[in-house]
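Structure, as structure tokens:
Just so it is clear, none of the values below were taken in a lab; they were calculated from the coordinates. It should be emphasised that the depicted structure is a prediction, and the values quoted were computed from it without experimental measurement. As a convention, Cβ positions derive from the backbone with ideal geometry for all residues, glycine included, and neighbour counts pool all protein chains shown.
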Amino acid sequence: MFQVRIHGRGGQGVVTAAEMLSVAAFDEGRHAQAFPSFGSERTGAPVVAFCRIADREIRLREPIMEPDAIIIQDPTLLHQVDVFAGLKQDGYILINTSKTFDQLGLGDMVRDWNPARLCTVPAMELALKHVGRPVPNVPLLGGFAAVAGVLQLESVIKAIEERFSGKVAAGNVAAAREAHAIVKAEMEQAVKGDVTHA
Amino acid sequence: MLKQMEGSRAVAEAVALCRPEVICAYPISPQTHIVEALGEMVKEGALASCEFINVESEFAAMSVAIGASAAGARSYTATASQGLLYMAEAVFNAAGLGLPIVMTVANRAIGAPINIWNDHSDALSQRDSGWLQLFAETNQEALDLHIQAFRLAEELSLPIMVCMDGFILTHAFERVDMPTQEQVDAYLPAYSPRQVLDPDEPVSIGAMVGPEAFMEVRYLAHAKQMEALKLIPAYAAEFKAVFGRDSGGLMHTYRSEDAETIIVAMGSVLGTIKDTVDEMRDSGHRIGVLGITCFRPFPVAAVADALRQAKRFVVLEKSMAIGLGGILAVNVRMAVTGMGLKGYTVVAGLGGRAITMKSLHALFRQGEKDELEPVTFLDLDWKAVNKQLEREKAHRRSGPVAEALLRDVGIVGARNY
């Protein structure tokens, strides 16, 4: 079972992102369970959503306390919420930012981490560029498809097209593709040892 | 057809397949998505013969459902928590009048302190209202139970609550097999009321009954619920024949055949319990599960049979009888009266407190060794509790309890993962 926790703020599509992730996994014939943190969601307040992906029925209903991957939709949460709580050693971290892990003050924390599992993508900029709205959730899903390798980009795109229509769908697909390319390039650099982001 | 969708949406689509004629509801979390979706379907014309009635309160919602049902319409509503309490008088009336309304209860805690998260306090507060109460373990079972509920309700002429865990199920996206209209039509016949307000054949419904017959009317309601104990498994079996899966029934056992310790629970927590039991079985523990689907009527004989071979049972419930202990546990204990079983009550998950495998592993191991107290409060923060007790001892004007606890432990919803 692969477990993802998504951190963001009310209005950033955190819950939608987890749901779309589960739809993408379902489209690949897998079992998936997405659910929100059930807080009193308000615009701007910290929000958490979860997604489990597995090859058999998922019965477990506890919150995800030891995620395999964390997606951080808003880097200002790093100073407010313990977003890395329980993250497995060498788990995947994907942050919406144009800064590096060092610039975010995370250099020490991830010093011994597998660098190919530490990724950043300027999802807000991509969303503004392609969709015209500051909602980073969908580009991050494109990036996630590259980082963790548990889902194909094409499944994420299918999920986007099921959720949105017309120009919004097209814009989000373009943003997801660009985010995927950025993260893929970052990972390839990291594997080569040319670590620019950590 | 397999679909990945939100539990609320799945229930809304299942209810639509049952061809309801009147839907009336008032929004309250975590039930709202269900009636929102149904409202959209009615507006779009997808539910052509259905009237969606916006009402001003839950009391009105149940009152409209009573009127619509008495007029011969297949009637549906949904609520949760304070909404269920607000409609309580009409809830008892719907059952007393014998009107086959189906209502989803998206289980949520009851205040004060106000809390929007999941437990079973709301539905269980109405356990003696005369409604049948069915509890879903998964979203698949939730949608299946609604289809069975309309059939059962109308056959018995009694209302049914289908209870599903708020947020944990209502807001979870997971895989469901959505039946076709043909399947549902094959299973659920058109509503043929036992009593109806028909101008061509006038009757009155809702007489005042004095001491001369009140007990008899009440007894007949009880007798009908006893009859339901036979119908529920029969209809679940027929459901399996049409839809091809086990859903509903009185209860489900899991790995309990040779179990010395059996965990009894209701609702979605059964999934977490089963995963825990699988791990314990792998390391040789003789432990199993009894999931109660039908809480009213309570399947006394079936529960006794399911527990007969065990040495002990642990009832883990998301509800509490303040001043006594458990609610489900009391029902289970009645079922095993005289059987010589050791029984333990565990109150867990109140107000959305996460129930984790880690805690269950420790709890079940204590249970196996008979080291549990008669009533245990799972993962209770004793430090916070004792601090408040000290405060109350030290100061006459110790202040409001909830606010004091929040000051001690942090902001609302701070520990959700």
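Find which of A:Q152, A:A170, A:H180 sits farthest along the positive direction of the dipole of the range A:76-198, computed with +1 on the beta-carbon of Lys and Arg, -1 on that of Asp and Glu, about the Cα centre.
Going by the charge dipole, the pick is A:A170.
Hey, can you rank B:44-54, B:309-319, B:351-361 by average C-beta count inside 10 Å, highest first?
Working: B:44-54: 13.4, B:309-319: 23.2, B:351-361: 19.6.
The densest-packed peptide leads the list: B:309-319, B:351-361, B:44-54.
What's the average, rounded to a whole number, of partner chain beta-carbon atoms within 10 Å of each residue's beta-carbon in B:172-182? All intermediate terms of the calculation are to be shown ahead of the outcome.
Numbers: counts 10, 15, 10, 9, 0, 0, 0, 0, 0, 0, 0.
Per residue, the average neighbour count from other chains is 4.
Hey, in the GNM for chain B with a 10 angstrom Cα cutoff, which one of B:H33, B:H222, B:H171 fluctuates hardest?
B:H222
Helix-only mean residue ellipticity at 222 nm, the protein assembly as shown, DSSP H runs n ≥ 4 weighted -39,500 (n - 2.57), per residue, nearest 500. What is it? Write down the numbers at each step before the final one.
Details: 20 runs with 249 residues, N = 615.
The helix-only estimate for the protein assembly as shown comes to -12500 deg cm²/dmol at 222 nm.
Just rank B:S268, B:S29, B:S204, fewest to most, by other beta-carbon atoms within 10 angstrom.
Numbers: B:S268 30, B:S29 19, B:S204 6.
With the fewest neighbours first, B:S268, B:S29, B:S204 line up as B:S204, B:S29, B:S268.
Can you quote the Å³ per residue value for the convex hull of the Cα atoms in chain B, rounded to an integer?
Numbers: hull volume 70.9 nm³, N = 417.
In chain B, the Cα convex hull volume per residue is 170 Å³.
Among B:R218, A:R163, B:R397, what is the fewest-to-most ranking by other Cβ atoms within 10 Å? Could the numbers behind the result be given before it?
Numbers: B:R218 13, A:R163 16, B:R397 4.
Fewest-to-most ranking of B:R218, A:R163, B:R397: B:R397, B:R218, A:R163.
Would you work out the relative contact order for the range B:204-354, in percent, from Cα pairs under 8 angstrom that are 6 or more residues apart?
Values: 210 pairs, mean separation 30.8, N = 151.
Relative CO of the range B:204-354 lands at 20 percent.
Can you classify the range A:2-192 as rounded, prolate or oblate using the Cα gyration tensor, where a ≥ b ≥ c are the square roots of its eigenvalues, rounded means a/c under 1.5, and otherwise it's prolate if a/b beats b/c and oblate if not?
On the way: a/c = 1.21, a/b = 1.08, b/c = 1.12.
Rounded shape, in that the Cα axes give a/c under 1.5.
Measuring from centroid to centroid over Cα atoms, what is the spacing of the range A:58-86 and the range B:187-228 in Å?
Between the Cα centre of the range A:58-86 and that of the range B:187-228, the gap is 53 Å.
Can you pick out the pairs among A:K158/B:K43; B:K274/B:K358; A:K129/A:K184; B:K274/B:K318 whose Cα atoms lie more than 22 Å from each other?
A:K158/B:K43
Kindly write out, for the range A:162-173 in residue order, the coupling ³J(HN,Hα) from the Karplus curve 6.51 cos²θ - 1.76 cosθ + 1.60 (θ = phi - 60°), rounded to whole Hz, with x marking Gly and Pro.
Values per residue, Gly and Pro as x: 6, 7, 10, 9, x, 5, 5, 5, 4, x, 5, 4 Hz.
For the protein assembly as shown, with only Lys/Arg (+1) and Asp/Glu (-1) charged at the beta-carbon, what is the dipole magnitude about the Cα centre, in debye rounded to 20? The partial results should precede the final answer.
Details: 58 positive and 73 negative charges, 264 e Å.
It works out to roughly 1260 debye.
How many partner chain Cβ atoms sit within 10 Å of a residue's Cβ in peptide A:27-36, on average, as a whole number? Could the numbers behind the result be given before it?
Numbers: counts 1, 0, 1, 2, 3, 4, 8, 6, 10, 5.
What the average comes to for A:27-36 is 4.
In debye to the nearest 20, how big a dipole does the range A:2-192 give about its Cα centre with +1 on each Lys and Arg Cβ and -1 on each Asp and Glu Cβ? Don't skip to the answer; put the middle values down first.
Details: 20 positive and 22 negative charges, 64 e Å.
So the magnitude is around 300 debye.
Quantify how strongly other chains surround peptide B:348-354 by giving the mean number of their Cβ atoms within 10 Å of each of its Cβ atoms. Intermediate results must be reported in sequence, preceding the final value.
Numbers: counts 0, 1, 0, 0, 3, 0, 5.
So the per-residue partner count for this stretch is 1.
Pick out which of A:V150, A:V23, A:V138 has the largest mean-square fluctuation in a Gaussian network model of chain A, springs linking Cα atoms closer than 10 Å.
Sorting by GNM fluctuation, first place goes to A:V150.
Give the order of B:K3, B:K369 when sorted by the count of other beta carbons within 10 angstrom, beginning with the fewest. Spell out each step's value before the answer.
Details: B:K3 15, B:K369 9.
Placing the least packed residue first, the sequence is B:K369, B:K3.
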